[in-house]
1. Which one is nearest to the chain's Cα centre (by Cα) among residues in region 97-109 that are in a loop (DSSP other than H, G, I, E, B) and loosely packed, with under 10 Cβ neighbours inside 10 Å?
2. Among the residues of region 191-225, write down those that are charged (D, E, K, R) and loosely packed, with under 10 Cβ neighbours inside 10 Å.
3. Please pick out the residue among 135, 173 that is assigned to a loop (DSSP other than H, G, I, E, B) and out of contact with any Ser or Thr (no Cβ under 9 Å at 6 or more places or on another chain).
4. Any idea how many residues of region 138-161 are more than 25 Å from the chain's Cα centre (by Cα), buried (at least 18 other Cβ atoms within 10 Å of the Cβ) and of a type in the set (Gly, Ala, Ser)?
5. Return the residues of region 249-280 that are free of Cβ contacts under 8 Å to residues at least 24 places away in the same chain and outside any loop (DSSP other than H, G, I, E, B); say none if nothing qualifies.
6. Of all the residues that make up region 167-203, how many are touching a residue at least 60 places away in the same chain (Cβ under 8 Å) and touching a Leu at 6+ places or on another chain (Cβ under 8 Å)?
7. Looking at 164, 138, 160, can you tell me which residue is under 14 Å from residue 180 (Cα atoms) and touching a residue at least 60 places away in the same chain (Cβ under 8 Å)?
8. Tell me which residues, restricted to region 226-248, are exposed (fewer than 13 other Cβ atoms within 10 Å of the Cβ) and either at pLDDT below 90 or outside any helix (DSSP H, G or I) (or both).
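The values are calculated or read from the model by the stated rules, or taken from the named source; none is laboratory data. Bear in mind the structure is a predicted one, so any value in this text is a computation, not a measurement. When we count neighbours, we look across all protein chains shown, and the Cβ atoms used for this are built from the backbone with ideal geometry, even at glycine.
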Amino acid sequence: MNDAIDIAAMDLGAIGQPLGRKEDQRLLTGKGRFTDDFNMPGQAYAVMVRSPHPHALILGVDGTQAKRMLGVLGVFSGTDCLADGLAPIPHSPVPSTRYDLKLTGPGGGPIFIGPQPLLPADRVRHVGEAVAMVVAETLPQALDAAEAVAVEYHELPRVTSSVTALLPGAPAVWDEAPDNVLVDTMFGDAAATDRAFAEADHIAEMYFHIGRVTGVPLEPRAALGHHHPDTERYTLYAGSGGPVRQKIELAEVLGVAPERVRVLSYDVGGNFGVRNRVFS
């Protein structure tokens, strides 16, 4: 009796067949719908004022001159976010699926995850961190007004590499992690590993420097938000790889039920993971 199965003679339907592309005609004829393709009557434009310092206290944000400029509707800082009760952006940078190795903080404790406010009110912790937002009737007006916002800083000591950050006495990025160590976890049999090295005929040691790697999508950071005052619902149009997750995160920031937030994502001009979460 021959139990062999002739796979070639079987009709497996779609299994093993290439999938035909459905989006090419629409995209090649200019019918794509990216973030900049969405517009609403009377919409305003927001531009962020970003820190030139890697580490500094924010002593004050003065938008007086910017508010007097043509078309400017408002200038907002981290203090305004706190006054409005806007929560930090929830984020979970630690791998946490059931398949991931379980990481811990120093001494086996919890890992400190620094809060990510929409706009910081106390200090900045990296170059380019947004410290103020200017809203105007047109994009050029918002860009011009952003240059008129005066931010007073007190520069703090900074670290520029992970190696120097671990040296004794290095400036702490977060007060809650004074030694700049967030994750300290060991797996496996340490004694057996030490024994294997001790018994080895040869040991090769090398130092590797791995530069920063990040996704750089063709479509820049952009989003269009709409709040309907009658229904108290929020809608966000943005190229995204995770609209459901972002809906939940935005609801937490706004302090509303997720049912009142809607995230619409059509075409995405590049993702590489950097558009999966909410960021400021």
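1. Taking region 97-109 and keeping what is in a loop (DSSP other than H, G, I, E, B), we get 97-105, 109.
Still in the list and also loosely packed, with under 10 Cβ neighbours inside 10 Å: 97-101, 109.
Values: 97: 19, 98: 23, 99: 23, 100: 21, 101: 23, 109: 25 Å.
So, considering only residues that are in a loop (DSSP other than H, G, I, E, B) and loosely packed, with under 10 Cβ neighbours inside 10 Å, the one nearest to the chain's Cα centre (by Cα) is 97.
2. First, pick out the residues of region 191-225 that are charged (D, E, K, R): 194-195, 199, 201, 205, 212, 219, 221.
Within region 191-225, 199, 201, 205, 212 meet the criteria.
3. Details: 135 fails: assigned to a loop (DSSP other than H, G, I, E, B).
Unique residue meeting the criteria: 173.
4. Adding up the residues that qualify gives 2.
5. Passing the criteria: 251, 258, 259.
6. Keep residues of region 167-203 that are touching a residue at least 60 places away in the same chain (Cβ under 8 Å), which gives 171, 173-174, 176-177, 179, 181-185, 187.
Still in the running and touching a Leu at 6+ places or on another chain (Cβ under 8 Å): 171, 179, 181, 183, 185, 187.
So the count comes out to 6.
7. Numbers: 164 fails: touching a residue at least 60 places away in the same chain (Cβ under 8 Å); 138 fails: under 14 Å from residue 180 (Cα atoms).
Answer to the check: 160.
8. Taking region 226-248 as the starting set, the residues that turn out to be exposed (fewer than 13 other Cβ atoms within 10 Å of the Cβ) are 227-232, 244.
Within region 226-248, 227, 228, 229, 230, 231, 232 qualify.
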